[in-house]
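K.L.:
Can you keep this structure in mind? I'll have questions shortly.
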Amino acid sequence: MGPLVSGLATRGKLIIVGVPFDPIQLSAFPLVFGARSIHGSLAGTAIDTEDALAFSVLENIRPMIETLPLDQAPEAYARMMQGKARFPHGPNNKRSVVVGCRGVA
């Protein structure tokens, strides 16, 4: 992620959502001379979410969604708990389980 910092605009922010497994290595020069910053968040803020949604509309990014009938919810849950799910799982309001949703360009 370090090289991404120098690609930010002056006073730009790199927001890290979640926790990376590897240490982040970067040079302080782009931070200091560009007045750039790095922020961390487990889920992002409401404004971050709005910005991400606006970007997805701008770039025509659409989700990949897999659904299962509600009666297969126990199987979907078991797949998720075993780490075999391709996407996050969760119920929706149409008598089905959303098995996955991942953004694609």
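K.L.:
Can you pull out every residue in the range 29-44 that is surrounded by 12 or more Cβ atoms within 10 Å (Cβ to Cβ) and either within 12 Å of Gly12 (Cα to Cα) or more than 12 Å from the chain's Cα centre (by Cα) (or both)? It would help to see each step written out before you state the result.
P.N.:
At the first step, the residues of the range 29-44 found to be surrounded by 12 or more Cβ atoms within 10 Å (Cβ to Cβ) are 30-31, 34-40, 44.
Hits for the range 29-44 are Pro30, Leu31, Gly34, Ala35, Arg36, Ser37, Ile38, His39, Gly40.
K.L.:
Name the strands (runs of 3 or more DSSP E) wholly within the chain that hold at least 2 residues that are modelled with pLDDT under 80?
P.N.:
Details: elements: 13-17, 37-41, 62-69, 96-104.
Those strands (runs of 3 or more DSSP E) span 62-69, 96-104.
K.L.:
Related question: Just checking, does the range 60-67 include any residue being touching a helix residue (DSSP H, G or I) at 6+ places or on another chain (Cβ under 9 Å) and of a type outside the set (A, V, I, L, M)? Quick ask: steps written out before the conclusion?
P.N.:
Keep residues of the range 60-67 that are touching a helix residue (DSSP H, G or I) at 6+ places or on another chain (Cβ under 9 Å), which gives 61-63.
Add one more test, that the residue is of a type outside the set (A, V, I, L, M), and what stays is 62-63.
There is at least one residue in the range 60-67 that is touching a helix residue (DSSP H, G or I) at 6+ places or on another chain (Cβ under 9 Å) and of a type outside the set (A, V, I, L, M).
The values are calculated or read from the model by the stated rules, or taken from the named source; none is laboratory data. The structure displayed is predicted, hence computed values, not measured ones. No Cβ is skipped: glycine too gets one built from the backbone with ideal geometry, and neighbour counts run over all protein chains shown.
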